[in-house]
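S.K.: Have a look at the structure that comes next, please.
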Amino acid sequence: MRPLVEDQPAQEVERLERALAETRQQILEIQRRVSEAMGAAEGNIFEAHLLVLEDRTLMEEVIRAIHDQKVNAEHAFHTVAERYATTLAAIEDEYLRERATDMRDVTNRVLNNLMGIEPEVDLAHLREPCVIISHDLSPSNTAQLDRHNVLGFATDVGASTSHTSIMARSLRIPAVVGLHNASNELETGDYALLDGFNGVLIINPSDQSLFEYGQLLRKQVSLQERLRDVQLETATTLDGHRVILSANIETAADVAEVHKNGADGVGLFRTEYLYMNRGKPPTEEQQFQAYSEAASALKPLPLVIRTLDLGGDKYMSHMPGPQEMNPFLGWRAIRLCLQEREMFRDQLRAILRASAEGNVRMMYPMISGLEELKQANALVEEYKAELRAEQIPFDENLEIGAMIETPSAVIVADSLAKRMKFFSIGTNDLIQYSLAVDRMNEKIAHLYEPTHPAIVRLIKATIDSAHRYKIPVSVCGEMAGDPVLAPLLLGLGVDELSVSSTLIPSIKFIIRRLKLTEALELANFALNCESAAEILERCQLLARGIAPSLFDTQEDYGSPAS
Ligand code: PEP
Ligand code: MG
């Protein structure tokens, strides 16, 4: 805070008036763009923001504070507006409580204008098609990207199994992550060529590069045509082994893509995106709507709903969570849910109610031992009893599975398998936890090795335990969506692969060119091999041998980049 001298209050009031006018112009402009792009109803959301600027009582209080307390406009405006926001946030009425968010949003804009700070680029509403280059993008930022105008994005940090990359894949946004320093090397207005297949960003590309990429694009188009041919076929190997090939989704709206790409169902519905980019967690009713919408759109195909996996790199705006030294080892997934009982109750009741559709299954993320599983199951039984008493229908035989994502879960897999109906191996986490390699960290991305002998053996041990108790095993991590690695998983005995919808066609394509005997041979080699590089090389040899066209658009001898 800067104290004022004699005639400065008048100047401060003038600055405030200018900042308010500027803010008003900015909001009107956003409102116009949103209305054009999404319709008048969405544009009207900004009416509430304009009303804040027109609130004379608030402004008079700010002006009084400038004069009486001899403080600058920033301090006065922030203090008064924050007091209003706090009062609104404490009110019972939901509508009024939400006005607190509007108040804070507008306050930030006014303060930015007072301090001459450029407003952040609004990634949800861009003016023209562009490639976003950023130091980082959170999964929730990525979910909000303007789908019309974002041609692709590149970030300095991150790796191909971070949730930002996974989100980009499912939104079909080309992305390259982990470029270390790209954001410092480009200026707004530079031209950029982004190759998400090979993980390449070319700044101001030469004519030669543009020509070469023109050729690659032609190959890509012809590959897409060949992939369309297998859309309606089943994922069956040449020697008649039927593989269940399911899709991973993030919202109920993704179900359309699941059908379009000819999947056998949904093997992983990541529910946390329902919780992001909103003022407060979704209610039981809102979740029930979303889950039953997805289930009914999928029928008769199955829908596996994963309970909330917040924490790690995924946070809710209204509940930022504690600052943790190691968020991926911290307050995450089932641990968070077992402590946030009210929130978990809403979700479990919503899933149970949606299970009345008849095709729903449920699984818990990040189970690290039997205790969490027992606690979660006990809660499910409690909520089932509630629903029975309320005479609300649900599937009495709802199948519940466990995700196998920690080494400890693999070691006690027998105990888990006895009590569950299925396993789903989350290789993204299983790899990071087993190899102690952060899946988000580009500096150690080279150590993140899905073909590490330890990983191969952990997957095999999980499958053995599951099959001993006659329950099926799915893999829903990114490893399943890599055509180079999928045959290895099938050879190890995995019953189902669940991959981003966009990857279904290429995985189906390779399965239809594979013999199970080749996959078994590959797995046998891998289980007896001591080198990650040698296992990877054998995987590549097989995949490239049976489906060379899948790899035509790749520069080097590797599996597709992010
Ligand atoms: C995994 O860990 O492999 C998984 C599928 O879960 P998520 O990527 O959402 O952590
Ligand atoms: Mg996981």
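S.K.: From ASP146, ASP156, grab the single residue that is charged (D, E, K, R), modelled with pLDDT under 90 and farther than 14 Å from ALA19 by Cα.
M.R.: It is ASP146.
S.K.: Further, regarding this structure: Tell me the strands (runs of 3 or more DSSP E) entirely within the range 133-208 that contain at least 2 residues that are in contact with a Pro (Cβ under 9 Å, 6 or more places away or on another chain).
M.R.: Answer list for the range 133-208: 150-155, 192-195.
S.K.: Can I ask one more? Kindly indicate which of ASP414, ASP438 is within 20 Å of ALA454 (Cα to Cα), modelled with pLDDT under 95 and either in the same structural domain as ALA454 (by TED's automatic domain parsing) or among the polar types (S, T, N, Q) (or both).
M.R.: ASP438
S.K.: Can you tell me how many residues within the range 395-436 are away from ligand 2 (no atom under 15 Å from the Cβ), touching a residue at least 40 places away in the same chain (Cβ under 8 Å) and within 19 Å of PHE269 (Cα to Cα)?
M.R.: 5
S.K.: Restricting attention to the range 407-432, which residues are over 23 Å from VAL380 (Cα atoms), away from ligand 1 (no atom under 12 Å from the Cβ) and aliphatic (A, V, I, L, M)?
M.R.: Just the residues of the range 407-432 that are over 23 Å from VAL380 (Cα atoms), to begin with: 407-408, 410-411, 427-432.
After this cut, where a residue has to be away from ligand 1 (no atom under 12 Å from the Cβ) as well, the list is 407-408, 410-411.
Those that are over 23 Å from VAL380 (Cα atoms), away from ligand 1 (no atom under 12 Å from the Cβ) and aliphatic (A, V, I, L, M): VAL410, ILE411.
S.K.: Taking only the range 395-412 into account, find how many residues are assigned to a helix (DSSP H, G or I) and more than 27 Å from the chain's Cα centre (by Cα).
M.R.: The initial filter retains those residues of the range 395-412 that are assigned to a helix (DSSP H, G or I), namely 407-411.
In the following step, the residues that additionally are more than 27 Å from the chain's Cα centre (by Cα) were identified as 411.
Total satisfying the criteria: 1.
S.K.: I'd like to check something: does the range 322-337 contain any residue that is out of contact with any Cys (no Cβ under 8 Å at 6 or more places or on another chain), over 17 Å from LYS421 (Cβ atoms), more than 16 Å from ligand 2 (Cβ to nearest atom) and in contact (Cβ under 8 Å) with a residue 12 or more places away in the chain?
M.R.: no
S.K.: One residue is enough: does the range 282-304 have a residue meeting the conditions at pLDDT 95 or above, within 16 Å of ligand 1 (Cβ to nearest atom) and buried (at least 21 other Cβ atoms within 10 Å of the Cβ)? Steps first, please.
M.R.: The first filter runs over the range 282-304 and keeps only residues at pLDDT 95 or above, leaving 283-304.
Next, from what is left, pick out any that are within 16 Å of ligand 1 (Cβ to nearest atom): 303-304.
Next, from what is left, pick out any that are buried (at least 21 other Cβ atoms within 10 Å of the Cβ): 303-304.
Within the range 282-304, one or more residues are at pLDDT 95 or above, within 16 Å of ligand 1 (Cβ to nearest atom) and buried (at least 21 other Cβ atoms within 10 Å of the Cβ).
S.K.: Just to be sure, is ARG439 free of Cβ contacts under 8 Å to residues at least 60 places away in the same chain and either out of contact with any helix residue (DSSP H, G or I) (no Cβ under 9 Å at 6 or more places or on another chain) or not in a helix (DSSP H, G or I) (or both)? Quick ask: steps written out before the conclusion?
M.R.: Values: free of Cβ contacts under 8 Å to residues at least 60 places away in the same chain: no; either out of contact with any helix residue (DSSP H, G or I) (no Cβ under 9 Å at 6 or more places or on another chain) or not in a helix (DSSP H, G or I) (or both): yes.
It is false that ARG439 is free of Cβ contacts under 8 Å to residues at least 60 places away in the same chain and either out of contact with any helix residue (DSSP H, G or I) (no Cβ under 9 Å at 6 or more places or on another chain) or not in a helix (DSSP H, G or I) (or both).
S.K.: While we're on this one: Any idea which of ARG419, ARG468 is over 28 Å from the mean Cα position of the chain (by Cα), surrounded by fewer than 17 Cβ atoms within 10 Å (Cβ to Cβ) and over 22 Å from ALA523 (Cα atoms)? Don't jump to the end; show me each part of the working.
M.R.: Values: ARG468 fails: over 22 Å from ALA523 (Cα atoms).
After applying the criteria, what remains is ARG419.
S.K.: Would it be correct to say that MET59 is touching a residue at least 12 places away in the same chain (Cβ under 8 Å), surrounded by fewer than 12 Cβ atoms within 10 Å (Cβ to Cβ) and of a type in the set (A, V, I, L, M, F, W, C)? Walk me through it before giving the result.
M.R.: On the way: touching a residue at least 12 places away in the same chain (Cβ under 8 Å): yes; surrounded by fewer than 12 Cβ atoms within 10 Å (Cβ to Cβ): no; of a type in the set (A, V, I, L, M, F, W, C): yes.
Criteria not met by MET59.
The values are calculated or read from the model by the stated rules, or taken from the named source; none is laboratory data. Here the structure is a predicted model, which means the values were calculated and not measured. Cβ sites come from the backbone with ideal geometry, for glycine too, and all protein chains shown count toward neighbours.
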